[in-house]
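The values are calculated or read from the model by the stated rules, or taken from the named source; none is laboratory data. None of these values were measured; they are calculated from a predicted model. In this analysis, Cβ positions are derived from the backbone assuming ideal geometry, glycine residues included, and neighbour counts consider all displayed protein chains.
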Amino acid sequence: MQRKFARNIEKVSNLKLEFYIFIIYYVKKENKIMIKKGKKAFNLLQKTLITYKKEGLNSVIDKTKKYMKNRKEIKHKNNYKDILFINGCGLEHPRRYRVQHQIEQLEFVGYSCDEVWYENLTLDKLKFYRGFIFYRCPSTPLILSFIETAKVYNKTTFFDIDDLVIDKKYVEKIKYLNEMSKEDYNLYMDGVNRMQETLRHCDYGITTTKTLARELENYISEVYINRNVSSEKMLKISEDVLKEKEKLNAKSKQENKIYLGYMSGSITHNPDFELISPVIKRLLKKYDNVYLSVVGFLDVPENLKEVEHKIVKKDFVNWKKLPKLISELDINLVPLEESVFNEAKSENKWVEAGLVKTVTVASAVGPFKDFIKNGETGYLCTNEKEWEETLENLIQNENLRKKIAEKTFNIVRKENVTAYTGMGLAHFLESKLKENILFVLPSTQISGGVNVVKKHCNILREHGYDVTILSMDIDDSNVHFENNEINVVSINKTLIHAYFKKAVGTLWSTMNFIITYPKIKEKKYLVQGFETDFYKSNKNFRKLANTTYNFFNNVEYLTISKWCQDWLENKYFKKVKFAPNGINTLLFKYKERNFEENKIKILIEGNSEDYYKNVDESFKIVEKLDKNKYEIIYLSYKGDPKDWYRVDKFYNKIPHEKVSKVYREAHILLKTSILESFSYPPLEMMATGGISVVIPNSGNVEYLKNEENCLFFKHGNIDEAVKCIEKIVNNVELREKIIRNGLNTVKEREWRNIENEIIKLYN
């Protein structure tokens, strides 16, 4: 294993012996990284090599130790999914239908979902889901805060309910409330009112029946009907039960017993059952072989005392045992009073009976009259006479029972089970969820390119997008940028499962995720530079970077620079969309400079470690300047000053919102980059009223003009650069001209003037 590891290192580069001996030691010691997955190991080696080349062996050792420590701490503890169900109902039966079954429906069509009890909900869940479904969830300060914060991030909220327990005007019609104590009554009503409050705060509603939808529309703008269905588990149990039903039927035929069944609680106080109790009494007396089976706690009503010996009492059972109980019935009874509550009930009893080939006779109320085709998939009754005639007909006609049961079974097993019914719900959710967009970044650490992405995130969110940054780094702290907070998840801490309407790579190293992750509708690559040239010749990273511009992907290319658009189109034959970069003048405010100060302050900006930033040349230039006349300020997001640099003041990793203060402190920006996609520092400097002396490159010539809004000098011409600086200091007229024209350039580039172009970039 060690020899293989060493060979892999040698493939990357020829390294010193002590380097890979150290790495091998740590791999062997911890036994947790790199070797198990070759590709991941190789990528890690490449990163290690870069550190070794740039920072030396000691830095490799420190970073390796840190990496190993983080590996111990990191486990993918988070999941980024489509929908989070927030359950507010403590009853298992409703939760099963409205949370577990809907989750199963959505998972069958590719959605990813989770469930959480409403009291365990936390605000950090907001960044890990696209939408939220609150089921029977009473309001709490946290719930209301969660919903309001969701709106800020363009996350969509739904309220789901399967009963009319949302308003006093409905629940007061429930007869058992009259039997409650005043304390229990007030507590119940408080829950009803709080549930309504959550409903009113959500964006959309989901429910089970037309009646419920109609009533809910009094409180919320739009309601989708997703009827209750059986689960795959219920289907499987029912199928197993059916295998045994033939044996049961044979026994029943031999005994010639026929069972009517009523799935209920206590029937003493059940007005629904009282509708048919006289009919049941007459049938039980008329037919010696007819029996009544009641599931639940039973106190036999007075009018049935005479036939009590023909009533089979069974306790409530776990839902997994319910199919067997129903299968033992010949006729399933569903009597219902006409009321708004019963109109709102679902057709569960018909579906569950149909799955075990048991005929249902129901009142022509609510969804039963919508789903049961009378005489074909069951029977509907409106009065005592119809109930009696229907039941007698079925009692006397076994073949009729079997025919109807078989037809019902063939319908419900396809149309009323989770596996076949989730697409409608998913389509509704997808139509209401905000268009989501994922930006994949190497890290969220400050840089010009990262700041561009952050600004695009802010603009997109202000225009209604649900925006998330996926960082390839360990840090998953949310980003604060220009008074906005952007959700960040780390690929090292979070497993991604959700759909994305758009996903954007921002560097060649992020494109593997974009290309390989399957749940992305539109794949995009925001190109901010010719990344091949980020690396010197004969380096493997050059090849890897260049392959992201290949023929073999379906990625749409975006860029913020005209020159990037040109080479992508002309050399790589890509179709490219372009939008310019802008600047926030509220942040980079103008400040008049005094060039008569004792010392002229020159700002040098850039990472000393990146060759293309060419920072060394800047310091070679200032070495030629009078130390008594010029003060040198160095600003770097990454990389420290080299030993020979002349630096009077050093700023490192300054937060973006404080960078403008550094610019306003200086008179002149000296920028010597030889490769830039879009060079921000000169634009930022001119916004604050300063002057830029720069080497022209592809990333700045789009907006810079020599002796109009800046001064140019040739790369490598130190003396020319010195003369440019002195010309600025000594020529007041030129200086004022450059400052004035610079401010005019800035006006054209203000973000608010180009926001629409940014939006078009992603549409």
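Summary of computed values
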| read-out | value |
| --- | --- |
| Any hit, region 378-392, residues being of a type in the set (S, T, N, Q), in contact with a strand residue (DSSP E or B) (Cβ under 9 Å, 6 or more places away or on another chain), on the phi < 0 side of the Ramachandran plot and in the same structural domain as Tyr287 (by TED's automatic domain parsing) | yes |
| Flag if Glu119 is in contact with a helix residue (DSSP H, G or I) (Cβ under 7 Å, 6 or more places away or on another chain), among the charged types (D, E, K, R) and within 28 Å of Ser477 (Cβ to Cβ) | no |
| Scan of region 464-487 for residues that are under 18 Å from Trp751 (Cβ atoms) and not acidic (Asp, Glu), ordered by number | Gly464, Tyr465, Val467, Val479, His480, Phe481, Asn483, Asn484, Ile486 |
| Residues that are buried (at least 20 other Cβ atoms within 10 Å of the Cβ), within 19 Å of Arg95 (Cα to Cα) and hydroxyl-bearing (Ser, Thr, Tyr), drawn from region 214-249 | Ser230 |
| Residues satisfying the stated conditions in region 332-343, i.e. surrounded by 24 or more Cβ atoms within 10 Å (Cβ to Cβ) and touching a helix residue (DSSP H, G or I) at 6+ places or on another chain (Cβ under 6 Å) | Asn332, Val334 |
| Region 448-470 residues that are in the same structural domain as Leu126 (by TED's automatic domain parsing) and without any contact (Cβ under 8 Å) to a residue 60 or more places away in the chain, paired with ones that are in a helix (DSSP H, G or I) and surrounded by 22 or more Cβ atoms within 10 Å (Cβ to Cβ) (beta carbon under 9 Å, 6 or more apart) | none |
| Single condition Met263 does not satisfy, out of (1) in contact with a Gly (Cβ under 9 Å, 6 or more places away or on another chain); (2) assigned by TED's automatic domain parsing to the domain that holds Phe368; (3) modelled with pLDDT of 95 or more | (3) |
| Filtered residues of region 555-570 (kept if part of a loop (DSSP other than H, G, I, E, B) and without any contact (Cβ under 8 Å) to a residue 60 or more places away in the chain) | Val555 |
| Lone qualifier among Phe541, Phe573, Phe552 - being outside the structural domain of His656 (by TED's automatic domain parsing) and touching a residue at least 60 places away in the same chain (Cβ under 8 Å) | Phe541 |
| Any hit, region 472-480, residues being modelled with pLDDT of 95 or more, assigned to a strand (DSSP E or B) and crowded, with 17+ Cβ neighbours inside 10 Å | no |
| Residue within region 424-435 that is within 27 Å of Ser363 (Cβ to Cβ) and of a type in the set (Asp, Glu) present | no |
| Selection within region 113-131 - farther than 12 Å from Val99 by Cα and in a strand (DSSP E or B) | Tyr129, Arg130, Gly131 |
| Within region 509-544, tally of residues that are under 19 Å from Ile674 (Cβ atoms), within 28 Å of the chain's Cα centre (by Cα) and assigned to a loop (DSSP other than H, G, I, E, B) | 1 |
| Selected residue [among the β-branched types (Val, Ile, Thr) and assigned to a helix (DSSP H, G or I)] from Thr547, Thr468 | Thr547 |
| Residue among Phe481, Phe500 that is out of contact with any strand residue (DSSP E or B) (no Cβ under 9 Å at 6 or more places or on another chain), in contact (Cβ under 8 Å) with a residue 60 or more places away in the chain, at negative phi and not basic (Lys, Arg) | Phe481 |
| 3 or more residues more than 23 Å from Lys81 (Cβ to Cβ) and without any contact (Cβ under 8 Å) to a residue 12 or more places away in the chain: qualifying helices (runs of 4 or more DSSP H) within region 149-232 | 182-201 |
| Long-range neighbours under 6 Å by Cβ, at least six apart or interchain, first residue in contact (Cβ under 8 Å) with a residue 12 or more places away in the chain within region 747-763, second among the aliphatic types (A, V, I, L, M) | Arg749/Ile583; Glu755/Ile459; Glu757/Ala579; Ile758/Ile459; Ile758/Ala579; Leu761/Leu558; Leu761/Ala579 |
| One residue from Tyr153, Tyr111 being modelled with pLDDT of 95 or more and surrounded by 21 or more Cβ atoms within 10 Å (Cβ to Cβ) | Tyr111 |
| Ala364 being of a type in the set (A, V, I, L, M, F, W, C), out of contact with any Lys or Arg (no Cβ under 7 Å at 6 or more places or on another chain) and at pLDDT 90 or above | yes |
| Criterion violated by Tyr651 - all others in (1) farther than 22 Å from Ser698 by Cβ; (2) touching a residue at least 60 places away in the same chain (Cβ under 8 Å); (3) of a type in the set (Ser, Thr, Tyr) satisfied | (2) |
| Residue match in region 411-428 (condition: touching a Leu at 6+ places or on another chain (Cβ under 9 Å), of a type outside the set (S, T, N, Q) and surrounded by fewer than 18 Cβ atoms within 10 Å (Cβ to Cβ)) | yes |
| All positions within region 660-683 that are under 37 Å from the mean Cα position of the chain (by Cα) and closer than 28 Å to Lys714 by Cβ | Leu675, Glu676, Ser677, Phe678, Ser679, Tyr680, Pro681, Leu683 |
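Residue-by-condition table, conditions (1) part of a strand (DSSP E or B); (2) touching a residue at least 60 places away in the same chain (Cβ under 8 Å); (3) under 30 Å from Val279 (Cα atoms):
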position	(1), (2), (3)
Gly354	no, yes, yes
Lys357	no, yes, yes
Val361	yes, no, yes
Lys403	no, no, yes
Ala419	no, yes, no
Ala426	no, yes, no
Ile437	yes, yes, no
